[in-house]
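See below for the structure under consideration.
Since every read-out is calculated from the coordinates, none of them should be taken as a lab result. These numbers were taken from a predicted model, which means no experiment stands behind them. Cβ coordinates were reconstructed from backbone atoms using ideal geometry, including for glycine residues, and neighbour counts include every protein chain displayed.
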Amino acid sequence: MTVVGKNLAVYRGEDGRAHALDAYCCHNGANLAVGGLVKGSCLECPFHGWQFRGDDGKCMQIPYCEPSASRPSHFALYLAVYCNVVLDLVMMRFSDCIKL
Ligand code: FES
């Protein structure tokens, strides 16, 4: 979905909360909105399986790295937008978006 000129991947986590993230993966630019998989509250990239947290776009898992390994801050999506659901409508508030 494109909102105010930004391409976003909008999804519900397994807990039902709505999330909106920059659609393009910070690794090699895959479109997370096309083939991305929901894993918990994260969205998994369809190319190499990196997982990004819905709340802030941070990379939480890389399949071929130790789970406890720290991730540099640039291993994050450029944009995460605060979402709230009202009457089944996803409301996005760009004033509180996280630009990384
Ligand atoms: S392009 Fe997304 S994990 Fe590689």
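Just the number, please: Stokes-Einstein D of the chain in µm²/s, Kirkwood Rh from C-alpha pairs, 25 °C, 0.890 mPa s.
183 µm²/s
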D_trans [Stokes-Einstein, Kirkwood Rh over alpha-carbon pairs] for the stretch 49-100, 4 °C, 1.567 mPa s, µm² s⁻¹: 105 µm²/s
In sequence order, what are the phi-derived ³J(HN,Hα) couplings for the stretch 53-70 according to the Karplus relation 6.51 cos²θ - 1.76 cosθ + 1.60 with θ = phi - 60°, rounded to whole Hz, with x for glycine and proline? 6, x, 5, 9, x, 6, 6, 9, 7, 10, x, 9, 10, 4, x, 7, 5, 6
If the chain between Cys65 and Asn84 were fully extended at 0.36 nm per residue, the gain over the current Cα-Cα distance would be 3.5 nm
Just to be sure I understand the model, the point goes 7 Å from the Cα along the line to the Cβ. What's the resulting Val34 to Asp15 distance in nm? 3.2 nm
For Lys39, what residues show an amide H to amide H distance below 5 Å, using hydrogens built from the backbone and excluding near sequence neighbours? Glu44
Stretch gain in nm, segment Phe94-Asp56, where the contour uses 0.36 nm per residue and the Cα spacing is subtracted: 12.4 nm
